[in-house]
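First comes the structure, then the notes that go with it.
The values are calculated or read from the model by the stated rules, or taken from the named source; none is laboratory data. On a predicted model such as this, the values are computed, not experimentally measured, just so you know. No Cβ is skipped: glycine too gets one built from the backbone with ideal geometry, and neighbour counts run over all protein chains shown. We work out accessible area using only protein heavy atoms, side chains counted, and drop any ligands, DNA or RNA first. Shrake-Rupley method; radii C 1.70, N 1.55, O 1.52, S 1.80 Å.
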Number of protein chains: 2
Amino acid sequence: MSPSSRARKTARGASKGKSRNLTRDKVIAAGLALIDEAGADAITMRGLAEAVGVTPMALYNHFSSKRALLSAVAENVISAADFDGQHANWRDQVHHCFSVLRSLCLQHPGLPRLLEFEGAAPASVFAPMEVTLRALREAGLGDIDSARTYFLLVSFTLTQAAYQARRVPDLEPSAQIRAERIAGRGYEAIEHLAWPETWDFDASFEFGITLILNGVESIAAGDEGRHAPS
Amino acid sequence: MSPSSRARKTARGASKGKSRNLTRDKVIAAGLALIDEAGADAITMRGLAEAVGVTPMALYNHFSSKRALLSAVAENVISAADFDGQHANWRDQVHHCFSVLRSLCLQHPGLPRLLEFEGAAPASVFAPMEVTLRALREAGLGDIDSARTYFLLVSFTLTQAAYQARRVPDLEPSAQIRAERIAGRGYEAIEHLAWPETWDFDASFEFGITLILNGVESIAAGDEGRHAPS
DNA sequence: CACTGTATGTCTACGGTGTATATATGAGAC
DNA sequence: GTCTCATATATACACCGTAGACATACAGTG
């Protein structure tokens with residue numbers, strides 16, 4: 001309500017700065033900086049206000065709530081990215097799209113939290129969706145299946161990136177602890193697994209995308225899977 | 001520290017109730033009930049204490065922290081499930097495993113939050129991993145690739161289930177709003193998509209699992225994907 | 001039986017969160 | 001110069017997790 005009326009007033013005057021000192025884009029920039037150095041939950045209205053040099057309540061003149069603020073931050077990040085890459089074939093197209101999304105998440109840890117939860121998803125989340133739907137349709141998938149595959153890709157990419165980015169050592173299982181936890185439970189497969197001491201997230205991402213795209217091809221070719229109806 | 005010494009004492013005496021009135025499993029049960037009706041973030045030490053009929057600080061005699069409490073709740077849910085199903089082929093095995101995981105998440109909304117974040121993952125999360133690794137190895141995947149596929153499956157299942165379970169209407173895009181948001185942005189593919197007014201989550205889950213398992217077969221068959229190195 | 005140690009529960013309090021409400025301030029329009 | 005109204009502030013509320021000091025009542029020992 002307040003921001004809209006302000007916008008009306010500003011539109012009447014000039015489209016530049018406001019009457020008073022300074023804000024809005026500054027808040028978003030400060031919020032982004034906060035997310036970059038600490039997690040997404042490090043964004044606090046009080047801390048953010050201090051970073052900008054105002055009182056906490058001043059932020060509410062520009063954002064109706066914390067959620068709206070976070071949404072604006074996410075919007076700022078997402079809308080600046082180029083998810084399309086003008087790639088020749090649909091596989092490269094999808095791969096590029098989610099590589100970009102992933103690197104955004106790694107650059108700004110906590111961004112996945114902003115997108116998935118908090119209901120703070122901004123309008124620009126539809127950009128990667130558009131690119132993906134086009135590519136998948138080109139691959140031969142139907143509308144609904146394309147959307148389903150998009151959600152699968154998003155789930156995978158965001159979750160993995162979130163896990164990698166929010167990598168705080170004191171929560172790490174750390175081989176040692178992991179070994180203790182599974183000891184004596186008959187988890188042969190896990191014990192047998194030669195766990196690398198540093199997980200290769202990049203390779204895992206490539207693997208996942210490749211697997212999914214192979215699955216797309218198989219579905220598009222008409223293989224609807226075959227779990228016996230028991 | 002306190003709980004362990006209590007356990008030692010109890011083991012010496014009888015394995016039944018404690019000295020005072022009652023707790024521990026009661027807390028877990030109450031926590032589970034809270035999670036079931038409201039989300040995971042509805043679990044608050046004060047609210048939980050009231051539900052059990054004690055003071056908030058009384059909980060700390062049985063759990064060292066809120067995280068430990070949530071972990072115990074998750075453990076209670078996960079450990080009661082049978083992820084193995086003694087299925088004949090690896091596809092049905094994996095399908096069963098994640099169907100169970102998914103239904104747990106739908107029964108107890110907010111459980112995904114417990115598992116993914118908060119670092120509250122209990123020891124029993126390794127049970128589905130064990131089942132999956134065995135099945136995937138049988139499918140012909142290597143150790144690391146099996147682990148990677150497991151994480152892919154988990155990402156997909158938990159994220160989708162979380163989204164479905166935390167379905168609060170006032171956050172829903174709701175066709176109307178969705179249409180407004182994408183209007184005039186050139187999102188042809190999205191606009192063209194005939195979005196069902198009620199998303200079929202079950203079918204989407206089946207689709208995703210099938211797609212992934214098809215991808216597994218393709219990888220196991222030696223198709224490592226082919227994105228041209230541009 | 002009484003005694004005592006200790007585990008259990010309570011009370012109070014601290015620093016933190018998001019934000020509703022009322023007030024002061026200062027720039028721009030007339 | 002005066003008025004208006006968007007902006008920034010001050011204060012306050014309800015809530016959160018939990019640290020610390022204290023009260024209590026049972027368990028084990030004599």
**Asked** Of all residues in segment A:35-49 being closer than 25 Å to residue A:164 by Cβ and open to solvent by 30 Å² or more (accessible area, probe 1.4 Å), which is nearest to DNA strand C (Cβ to nearest atom)?
**Response** A:44
**Asked** Just for segment B:50-66: of the residues that are within 8 Å of DNA strand D (Cβ to nearest atom) and either more than 24 Å from residue B:126 (Cβ to Cβ) or part of a helix (DSSP H, G or I) (or both), which one is least open to solvent (accessible area, probe 1.4 Å)?
**Response** B:59
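Given B:79, B:15, which one is away from DNA strand C (no atom under 12 Å from the Cβ) and at pLDDT below 90? Steps first, answer last, please.
Details: B:79 fails: at pLDDT below 90.
That would be B:15, the only listed residue that is away from DNA strand C (no atom under 12 Å from the Cβ) and at pLDDT below 90.
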**Asked** Of the residues that sit in segment A:67-91 and are away from chain B (no Cβ under 14 Å) and within 16 Å of DNA strand D (Cβ to nearest atom), which one is farthest from the chain's Cα centre (by Cα)?
**Response** A:69
**Prompt:** Going by the structure shown, is residue A:146 touching a Leu at 6+ places or on another chain (Cβ under 9 Å) and either within 7 Å of chain B (Cβ to nearest Cβ) or modelled with pLDDT under 95 (or both)?
**Reply:** no
**Prompt:** Do any residues in segment A:35-51 that are under 21 Å from residue A:22 (Cβ atoms) have Cβ atoms under 7 Å from those of residues that are of a type in the set (Gly, Ala, Ser) and within 12 Å of DNA strand D (Cβ to nearest atom), where the two are at least six apart or on different chains, and which pairs are they?
**Reply:** A:49/A:58
**Prompt:** Which ones in segment B:132-143 are open to solvent by 30 Å² or more (accessible area, probe 1.4 Å), more than 8 Å from chain A (Cβ to nearest Cβ) and assigned to a helix (DSSP H, G or I)?
**Reply:** B:138
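Restricting the search to segment B:182-198, which residues are aliphatic (A, V, I, L, M) and under 11 Å from residue A:147 (Cα atoms)?
Listed by number, the residues that qualify are B:189, B:190, B:193, B:194.
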